[in-house]
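Each value in this text was obtained by applying a stated rule to the coordinates, not by laboratory testing. Here the structure is a predicted model, which is why all the values come from computation and not from measurement. Don't worry about glycine lacking a Cβ; one is built from the backbone with ideal geometry, like all the others, and counts go over all protein chains shown.
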Amino acid sequence: MKKPQHTPKAISSSSIRLNKHIANSGVCSRREADRLITNGQVTINGIKVSELGISVNPATDEIKVSGHFLPKIRRQYVLFHKPKGVITTRSDEKGRKSLYDVLPKKYHSLDPAGRLDRDSSGALILSNDGDFIYQVTHPKFHVPKVYQVTLDRPVSPTHIRKLTKGITLEPEGKLAQLTEVIQTGPKKLQVVLLTGYNRQIRRSFEAIGYEVTMLKRTAIGPVGLGNLRPGACRFLSPMEMKTLRGKQ
């Protein structure tokens with residue numbers, strides 16, 4: 001009999017917290033799922049569990065609640081145009097507006113693939129497919145992210161070359177490269193990233209004396225914002241999904 005995989009070593013890109021998985025299936029809320037778990041009404045691969053915080057793999061683990069298998073979860077892949085002034089978290093201890101304050105309620109079970117800082121806007125993909133989120137966000141899959149950048153003053157060609165060669169970000173000491181920088185105006189640039197260090201574009205420009213006054217992500221791989229207005233969502237197309245998964 002297969003034992004439930006709930007130790008930290010067993011957690012992979014496909015793993016999800018048991019209470020979240022139960023809630024995502026539509027059976028009940030996370031709080032009610034916690035109550036069911038502690039009351040011994042949940043089994044994983046035929047073994048009763050009562051420990052909160054367990055992670056499971058929905059693709060391989062057989063989970064029952066009160067003797068019934070969980071309903072199959074429909075995978076969703078959504079593009080959201082994140083407005084400026086919103087943080088990419090579920091809640092904030094400082095009371096700032098979060099992603100889920102502006103995201104339509106029907107998508108609240110989805111998780112963001114990566115982040116955009118509070119002062120930035122643009123393309124953000126959300127899904128309930130952990131493997132897909134991993135493919136979109138991990139640098140080894142080379143999914144390019146495209147940004148529109150406006151600076152506080154005109155940028156020099158010398159500094160553009162320096163940014164593409166790499167800027168050492170402190171305190172990490174990491175060499176952060178902007179994969180491609182195309183000047184579209186005296187203060188305007190199109191920037192392409194394959195990595196995703198924290199606030200990488202802003203910090204890279206700040207390191208050489210510029211301030212980013214506007215930052216908007218316009219595309220993630222083949223998925224472009226197009227005419228999608230701030231705060232709106234759309235489902236990814238089959239062709240976008242195929243390309244993101246590297247099957248083109």
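The magnitude of the dipole of the chain, with charges of +1 and -1 set on the Cβ of Lys/Arg and Asp/Glu and taken from the Cα centre, is near 360 debye.
At R0 = 35 Å, how high is the FRET efficiency between S98 and K174 if r is their beta carbon distance? Nearest 0.05 is fine.
Numbers: r = 28 Å, r/R0 = 0.79.
It comes to 0.80.
Over 25 Å between C-alpha atoms is what I'm after, so list which of K174/K242; K20/K174; K140/K242; K140/K174; K82/K162; K72/K216 land there. Before the final figure, lay out the partial values.
On the way: K174/K242 32 Å; K20/K174 34 Å; K140/K242 18 Å; K140/K174 17 Å; K82/K162 30 Å; K72/K216 36 Å.
Correct reply: K174/K242; K20/K174; K82/K162; K72/K216.
Counting only aspartates and glutamates at least 8 places from K145 when in the same chain, those with an alpha carbon closer than 13 Å to its own are E180. Segment N198..M241, full-extension length gain: 12.9 nm, with 0.36 nm per residue of separation and the alpha-carbon distance subtracted. Selection among V143, G173, I133 by position relative to the dipole of region 129-186 gives G173 as farthest towards the positive end (Cβ unit charges, Cα centre). Considering only G130, G95, G122, give the residue with the highest GNM mean-square fluctuation for the chain, with springs between Cα atoms whenever their separation is below 10 Å. Comparing G130, G95, G122 in the GNM, the peak value goes to G95.
Please state the charge dipole magnitude for region 182-247, taken about the Cα centre, from unit charges on C-beta atoms (+1 on K and R, -1 on D and E), reported in debye and rounded to the nearest 20. It would help to have the intermediate numbers written out before the result.
Working: 12 positive and 3 negative charges, 38 e Å.
With Lys and Arg at +1 and Asp and Glu at -1, about 180 debye.
Only aspartates and glutamates eight or more places from K94 in sequence, or on another chain, were considered; those with a Cα closer than 17 Å are D117, D119.
What is the chain by shape, rounded, prolate or oblate, if you read a ≥ b ≥ c off the alpha carbon gyration tensor as root eigenvalues and call it rounded for a/c under 1.5, prolate for a/b larger than b/c, and oblate otherwise?
Working: a/c = 2.29, a/b = 2.17, b/c = 1.06.
Here the chain falls in the prolate category.
FRET efficiency for V27 and E62, Cβ-Cβ distance as r, R0 = 22 Å, nearest 0.05? Once rounded, the FRET efficiency stands at 0.90.
Among the GluC sites (Glu not before Pro) found in region 183-248, those both in a DSSP coil and sparsely packed, with 12 or fewer other Cβ atoms within 10 Å of their Cβ, are E211.
Note the full-extension length gain between Y134 and S156 as 0.36 nm times their separation in residues minus their Cα-Cα distance, in nm to one decimal.
Numbers: separation 22, 0.36 × 22 = 7.92 nm, distance 3.59 nm.
The Y134-S156 span can extend by a further 4.3 nm.
Of K216, K72, K188, the residue with the greatest mean-square motion in the GNM of the chain, using alpha carbon springs below 10 Å, is K72.
Just rank H68, H81, fewest to most, by other beta-carbon atoms within 10 angstrom.
Values: H68 9, H81 20.
Lowest to highest Cβ neighbour count: H68, H81.
Could you work out [θ]222 nm for the chain from helices alone, using -39500 (n - 2.57) per DSSP H run of at least four and dividing by all its residues? Round to the nearest 500 deg cm²/dmol. Could you put the intermediate results ahead of the total?
Numbers: 7 runs with 52 residues, N = 248.
Mean residue ellipticity at 222 nm (helix-derived): -5500 deg cm²/dmol.
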